[in-house]
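The values are calculated or read from the model by the stated rules, or taken from the named source; none is laboratory data. These numbers were taken from a predicted model, which means no experiment stands behind them. Note that each Cβ is placed from the backbone with ideal geometry, even for glycine, and that neighbours are counted across all protein chains shown. Accessible surface areas use protein heavy atoms only, side chains included; no ligands, DNA or RNA. Shrake-Rupley method; radii C 1.70, N 1.55, O 1.52, S 1.80 Å.
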Amino acid sequence: MSDKNPEAKRAARDRLIKEREQQKAGERRRRQLIVAGAVVGVLALAAVVGVIAANAGGGDSAKDSSTSGPAVAPTGADGKDKLAIPVGAADAPSTLTVWEDFRCPACAAFENGFRATIHELEKSGQIRVEYHLATLIDDKTRGGGSLHAANAAGCAQDAGKFTAYHDVLYTNQPDETDDAYADNNKLLDLAKKVPGLTTPAFTSCVENGTHNSWVVKSNEAFQAGKFNGTPTVQLNGVSVFPMKGSEQITPANLKKWVAQANKGKPAGKATAPAS
């Protein structure tokens, strides 16, 4: 009896440990599913908000007088009329085109949810991202934050810091009803989060609205494109936000779609996004 008792106790402990490990694994899977579902839900809601904002637009935004001057494109901008800011290898086999507004909550949901995936695909030479900046929320609210933030992003592009500053603007995005980005001091303060960006040239570019007219021209191109709202995201010209065909966009699906598009094609000579 005494010989069998320790074995029984060990077997009981082993079963208990196994059950606890299974419970923990199940709980981890449950949390992952909840998080994944929440991301999809936020993106779906954000897409609806973006469409509503697009349909509500059309009013005159409170543009600075500097928007009446010639359009000065940021350094390295390309595409038609130099309205795109490119990130990634120029010879990448696929292009992700993103139209967005720095005040747009749907854009923040997309950027904050897909940032790591997009940067991974950029750095591995799988995609080149072309950013187009719009002022949809300004147009709806007669504000100025979309314009000022886009100009500041253009100034960051001049300094070779677009990607880092672009990400800072979205991780610190104010509420849609708060036109905080209309204040250049706010934009200059956020620039301190990007090492090496705060320079006299950058400050002057932001304060003088150097790229304001370029931003206006970019927004006009967005309106002429008759897109449903921001963000508008296209992979090689095919819309992938919030759906591609019958499939919901997720980080895993975006990777899958890029892999399918790139099948049999060499990766580009990857260039890390500006820091």
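Calculate the spin-label point distance for residue 246 paired with residue 171, positioning each point 7 Å from the Cα along the beta-carbon direction, and give it in nanometres. The two pseudo-label positions are separated by 3.9 nm.
The residues neighbouring residue 95, those whose beta-carbon lies less than 10 Å from its own, together hold a net charge of 0 under the Lys/Arg +1, Asp/Glu -1 convention. Rounded to whole Å, give me the distance from the Cα center of the range 216-275 to that of the range 125-189. Taking the Cα centre of the range 125-189 as reference, the centre of the range 216-275 is 19 Å away. Remark: the range 235-242, residue by residue, has Karplus-estimated 3J(HN,Hα) of 9, 6, x, 9, 5, 10, 10, x Hz, where x stands for each Gly or Pro and the curve is 6.51 cos²θ - 1.76 cosθ + 1.60 at θ = phi - 60°. Using R0 = 41 Å, the C-beta based FRET efficiency linking residue 193 and residue 263 works out to 0.60.
For the range 168-246, trypsin sites (Lys or Arg not before Pro) meeting the loop criterion (DSSP other than H, G, I, E, B) and having at most 12 other Cβ atoms within 10 Å: 192, 226. Here the range 125-260 has 48 percent of its accessible surface on carbon and sulfur atoms, given a 1.4 Å probe and all protein chains in place.
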